[in-house]
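For reference, the structure discussed in these notes is given below.
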Amino acid sequence: MIPGGVDVHTHLDWNFGIARTVDTFASGTQAAAFGGTTTVVDFCNQGPSSPLAALEDWHQRAEVAAVDVGAHMILNRVEDGTLADVEALIRNEGVTSFKLFMAYPGVLMLDDASIFRVMRAAGELGAVVCLHAENGPVIEVLVREAVEAGNTAPRFHESTRPSVLEGEATQRAITIAGLTDATIYFVHLSAREALDAVTLARQAGRRVHAETCPHYLFLTSDEYEREGFDAAKFVMTPPLRSREHQDALWQGLGTGALSAVSTDHCPFCFAEQPYGMLYSKQQGIDDFSKIPNGAPGIETRVALMHDGGVRTGRISLNRWVELVATAPAKLFGLYPTKGSITPGSDADLVIFDPNEAWTIRAAEHHSRIDYSMFEGREVTGRVKKVFLRGNLIVDGSEWLGRDGMGRFLKRTATTA
Ligand SMILES: [Zn+2]
């Protein structure tokens, strides 16, 4: 028995305008539960409105959640009133972490001045600043030139986002944060150069943390060599990297340089039907830069980390639980309510059979997504029963939970 998994990186029912993730909070959280995850911290996007108004909208969509949910706030503009909203979110709304993009100029990216201002405010208030660290402006030039040269296949998604640009942005964020009291957390770290920067900062005693995701640990950029448009299934940011980077990430999990494993579940269907083009990778059939960036994974994280981590001897049983539950709960103000089996914790429990072998198939998933990046992969170790606050919600293949039984988690500010 292990504590329910805590996945602090999901994009459920996220409307980008030009694309929308296909999982609702109902389908996405049911999929999470079947995968042994009972707590999800999802990204609420400020979008065109104020952060407080965006949270209201997020709450409406999240009402149908079947497991407990918290929210991080993505800030895509810092203008008059933004920092007042940040303070209100932390003090009153239980939203104690903020995500800033260093990529996607003109859409989500903040400039360095805005990043500095948010970090300074967050540091004073004990909030965590999450960063998508890639040098967006340089990537934009590389992408534009690739498309103009007729290099429009999905594999050019990778070659236009080189790992050094993740390393550069990671180091820049660490440097800027050093002028403030902010605790920072790098989402979906994929590159050795980024890991090196985080490792050095941690050795210097800085409050710098990073997560990676199962796809960076179990897949490589070889997937982009697939025939035809199939490689679009692996178009997420950052892209899959070479084996050298993957080996470094496993080392980072061992040394503690990496603090958590999250999914970045951001599901866009491969096929256009049945949900429509808005929800589909097919938008980019003629141009990789138009493929919605994101991939699924909410249902397979806990089992994959057991199979490829514990069974192969790369991480211990305890480290597995720490990476998928305890550490993310601690970092994001949920511990010991979540991520722990102790008196006073919520009875979020997973009965896991470490010996049962099974095969990952999208057709058997509970998510609405129509593919898995791990299709056909055999894994040993399977979630058998899941309890949410003492209620049995998953019993083998049977769903006993219900939409809306998830609670909103008001998180506490932390100075991890
Ligand atoms: Zn993400």
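If you scan segment 260-293, which residues turn out to be small (G, A, S) and open to solvent by 10 Å² or more (accessible area, probe 1.4 Å)?
Just the residues of segment 260-293 that are small (G, A, S), to begin with: 260, 262, 271, 276, 280, 284, 289.
A271, G276, S289, listed by residue number.
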Going through segment 1-19 in order, the residues found to be under 21 Å from E272 (Cα atoms) and open to solvent by 10 Å² or more (accessible area, probe 1.4 Å) are D13, W14, N15, F16, G17, I18
When segment 7-20 is examined, which residues are found to be more than 10 Å from the ligand (Cβ to nearest atom) and in contact with a Phe, Trp or Tyr (Cβ under 9 Å, 6 or more places away or on another chain)?
V8, L12, D13, A19, R20
Residue that is outside any strand (DSSP E or B), in contact with a helix residue (DSSP H, G or I) (Cβ under 6 Å, 6 or more places away or on another chain) and open to solvent by 10 Å² or more (accessible area, probe 1.4 Å), where the choices are V22, V64
V64
For segment 120-128, indicate whether the set of residues that are within 15 Å of the ligand (Cβ to nearest atom) and surrounded by fewer than 24 Cβ atoms within 10 Å (Cβ to Cβ) is non-empty.
no
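Can we say P238 is part of a loop (DSSP other than H, G, I, E, B) and within 19 Å of the chain's Cα centre (by Cα)? Give the steps one after another, and end with the answer.
Values: part of a loop (DSSP other than H, G, I, E, B): yes; within 19 Å of the chain's Cα centre (by Cα): yes.
Criteria met by P238.
Being among the small types (G, A, S) and within 16 Å of the ligand (Cβ to nearest atom) is true for just one of A153, A177, A169, A146. Which residue is that? If you could, list the steps in order and put the result at the bottom.
Numbers: A153 fails: within 16 Å of the ligand (Cβ to nearest atom); A177 fails: within 16 Å of the ligand (Cβ to nearest atom); A146 fails: within 16 Å of the ligand (Cβ to nearest atom).
Sole residue among the options that is among the small types (G, A, S) and within 16 Å of the ligand (Cβ to nearest atom): A169.
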Can you pull out every residue in segment 25-61 that is touching a helix residue (DSSP H, G or I) at 6+ places or on another chain (Cβ under 7 Å), among the aliphatic types (A, V, I, L, M) and either more than 22 Å from F332 (Cα to Cα) or open to solvent by less than 10 Å² (accessible area, probe 1.4 Å) (or both)?
V40, L55
Restrict the check to segment 97-112 and report whether at least one residue is among the aromatic types (F, W, Y), within 16 Å of the ligand (Cβ to nearest atom), surrounded by 24 or more Cβ atoms within 10 Å (Cβ to Cβ) and closer than 20 Å to A182 by Cα.
yes
Among all residue pairs at least 6 apart or on different chains, which show Cβ distances below 7 Å where the first residue, located in segment 374-386, is open to solvent by 80 Å² or more (accessible area, probe 1.4 Å) and the second is modelled with pLDDT of 95 or more?
E375/I360; E375/R361; E375/A362; E378/A357; E378/T359
Find the residue count for segment 294-317, including only residues that are in a loop (DSSP other than H, G, I, E, B) and surrounded by fewer than 23 Cβ atoms within 10 Å (Cβ to Cβ).
7
I184: passes all of (1) aliphatic (A, V, I, L, M); (2) more than 21 Å from G205 (Cβ to Cβ); (3) in contact with a His (Cβ under 8 Å, 6 or more places away or on another chain) but (2)
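The values are calculated or read from the model by the stated rules, or taken from the named source; none is laboratory data. Remember, it's a predicted structure, so these values are computed and weren't measured experimentally. All Cβ positions, glycine included, derive from the backbone under ideal geometry; neighbour counts span all protein chains shown. When the accessible area is computed, the model is the full protein with side chains, heavy atoms only, and any ligands, DNA or RNA have been set aside. Shrake-Rupley method; radii C 1.70, N 1.55, O 1.52, S 1.80 Å.
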